[in-house]
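The structure appears right after this line, and notes come after that.
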Amino acid sequence: MKEIFQGEVFADTANFDSGIRQLMPRYEEILDVLARCTPPSAQRILDLGCGTGETSFKILDRCRNAEVIALDYSPRMLAFARAKIEEAGYSNRWKAYEGDFGDWAND
């Protein structure tokens, strides 16, 4: 799976959000649906392949008492996500880990 996300669009962390929106014109709608489907009372949510933190941000914004555990294999993506989450003031409810979900799936 990792190889799929190592293409040109995904290599440039700063332009990832706009790149994914070009590839998936309804990306914003998908994020909104995910956030709306998350119960406001949710306490802990796992964001696998968190990328730049867009999904984490939407969920943290909607679920004011939730904690998001984020996982991504790219340290650059995690750094970008961390900055976005900190700027929004959600860092106390967001924990990020570097790793590949495929490595954990067999444990």
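Roughly how many debye, to the nearest 20, is the charge dipole of the range 2-105 about its Cα centre, given +1 on each Lys and Arg Cβ, -1 on each Asp and Glu Cβ, and no other charges? List each step's numbers first, then the result.
Values: 13 positive and 17 negative charges, 88 e Å.
Computed charge dipole of the range 2-105: roughly 420 debye.
Here the Debye sum runs over all C-alpha atoms of the chain as equal scatterers in vacuum, and log10 of I(q)/I(0) at q = 0.10, 0.17, 0.25 Å⁻¹ comes out as -0.27, -0.81, -1.47.
In the chain, taking the dipole from charged Cβ atoms about the Cα centre, the farthest positive-side position among Tyr27, Thr38, Ser74 is held by Thr38.
Using just the helices of the chain, give the 222 nm mean residue ellipticity in deg cm²/dmol: DSSP H runs with n ≥ 4 each add -39,500 (n - 2.57), and the total is spread over all residues, rounded to 500.
-13000 deg cm²/dmol
Ignoring trypsin sites (Lys or Arg not before Pro) that are buried or in helix or strand per DSSP, and keeping those with at most 13 other beta carbon atoms within 10 Å, what is the longest stretch of the chain between them? Walk me through the numbers before you get to the answer.
Values: sites that count: Arg26, Arg64.
Value returned for the longest uninterrupted segment is 65-107.
The numbers here are math on the coordinates, done by the rules we state, and not lab data. Small disclaimer: the values here were computed from a predicted structure and weren't measured. Cβ atoms come from the backbone with ideal geometry, glycine included; neighbour counts cover every protein chain shown.
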